[in-house]
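Notes follow the structure.
The values are calculated or read from the model by the stated rules, or taken from the named source; none is laboratory data. Small disclaimer: the values here were computed from a predicted structure and weren't measured. In this analysis, Cβ positions are derived from the backbone assuming ideal geometry, glycine residues included, and neighbour counts consider all displayed protein chains.
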């Protein structure tokens, strides 16, 4: 019903439908219609093209990126980075909105769903009006265009507000946080590759940077819990716990050994490698899903892993266990039953998916000749140590290895690819709709991030603390002013009442004596 009403309104007047999405409803705790639909898990409503435009405007905040017809098209990330760090390109590439989110532009079926294309269409109208008369030399034309853009600019806003709006936009936070996260991964990688215990200063830098990331995730999760109850925070809570555990492990196994010898550096290297994998894989859940191309692809990959890979892995386990035991028993008939035997058998069967080990099918010339001297009474002999690790070459060994490789490499692997292809074809359209539904939570995540990325979030926390102190002092000043005003008013009232009482008494006495 809600989707049909939105569709009717959108077809009748797209501007009116877009403005309705901005309206806050007092009966629903001042929430917008989009927030209510997210709270109600209405996937089809959020996937509507009108809602996607609304989210696209919200993703850009109060800025919009210009697309100028200069014969070359630059990516948005380049425009944002140059505008943020060099400031001057901001007057050329960025336009600022001085009012709330409003709709503008014509209707395009597919193009409007892509927020980047919508922004380009909106600002092509503005840049056309700003284009000067053409001259023969293209360099002069470009100079005049830049001068016109700077002169025209956004004169309604001062420069400091333009910088503030630029740093506050979710799209800017996305690119800035992604850049510094890549730098964090580079530092973490170098610290992991450092020999032995590594460099103490680099280890401290990684620890403090990770701590800043953990504090920011904790703050965002708390804010989203109370401000956006429609956004799930379960995975964020799990992430907070995992990073906290990593911080404790990193402190104990990597930093303390610089001062107290209590653990070997090989264990610390392994734990750092696990943490490095976690923070690299975290990129798949934090930064890549916002992409219109990679987002639906990641959703399809999740579906393939949950549905197809687990089903396929159950079949592979049957073949792997039987093949590993049979191959090991055929090639090493005298190997004792130990943990090492099971490890070798299953490791060979598992890695046969990627590697083909056949060097022991022909036996070992240094010891295989001993199998020719085995008699029928060999089973009664207690000492088999000479043949325990000696491979035995036979037709049976070849047969078992070949049938296992045929099943795993030709049948099971081909079956897995076929299952992935079938699932991808089925969920490709559905994955796009799911991504549109999840896009709201992704935008909210970057909306609530601080403007400065880790490790500079400590500056933001300091400014927030000073702002809190200033607000409390101002409230205290106002309360003192109110109390002083009340006291002055009371003293004035009492003085006036005493004056009136004294005057009345004098008038009464004079009247009495006159009588």
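Taken over the stretch 222-235, the criterion of being part of a helix (DSSP H, G or I) and buried (at least 19 other Cβ atoms within 10 Å of the Cβ) is satisfied by 224 alone. Listed conditions (1) modelled with pLDDT under 90; (2) assigned to a helix (DSSP H, G or I); (3) surrounded by fewer than 16 Cβ atoms within 10 Å (Cβ to Cβ) are all met by residue 317, apart from (1). Determine if the stretch 391-398 includes at least one residue that is in contact with a helix residue (DSSP H, G or I) (Cβ under 9 Å, 6 or more places away or on another chain), exposed (fewer than 14 other Cβ atoms within 10 Å of the Cβ) and in a helix (DSSP H, G or I). Yes - at least one qualifying residue is present in the stretch 391-398. In the stretch 451-458 there is at least one residue matching the filter, namely being assigned to a helix (DSSP H, G or I) and modelled with pLDDT of 90 or more.
Among the candidates 76, 7, 69, the residue that is closer than 21 Å to residue 169 by Cα, in contact with a helix residue (DSSP H, G or I) (Cβ under 9 Å, 6 or more places away or on another chain) and surrounded by fewer than 17 Cβ atoms within 10 Å (Cβ to Cβ) is uniquely 76.
The combined condition, being more than 30 Å from the chain's Cα centre (by Cα) and part of a helix (DSSP H, G or I), is not fulfilled by residue 69.
Looking at this structure, is residue 116 surrounded by fewer than 18 Cβ atoms within 10 Å (Cβ to Cβ), modelled with pLDDT under 50, part of a helix (DSSP H, G or I) and within 29 Å of the chain's Cα centre (by Cα)? When the stated conditions are applied, residue 116 passes them.
Consider the stretch 320-335 and keep the residues that are in contact with a helix residue (DSSP H, G or I) (Cβ under 7 Å, 6 or more places away or on another chain) and not in a helix (DSSP H, G or I). The one that is nearest to residue 354 (Cα to Cα) is 335. Exactly one residue among 311, 338, 293 is out of contact with any helix residue (DSSP H, G or I) (no Cβ under 9 Å at 6 or more places or on another chain), surrounded by fewer than 16 Cβ atoms within 10 Å (Cβ to Cβ) and either closer than 23 Å to residue 428 by Cβ or assigned by TED's automatic domain parsing to the domain that holds residue 257 (or both), and that residue is 293. The sole residue among 163, 171 that is in contact with a helix residue (DSSP H, G or I) (Cβ under 6 Å, 6 or more places away or on another chain) and in contact (Cβ under 8 Å) with a residue 40 or more places away in the chain is 171.
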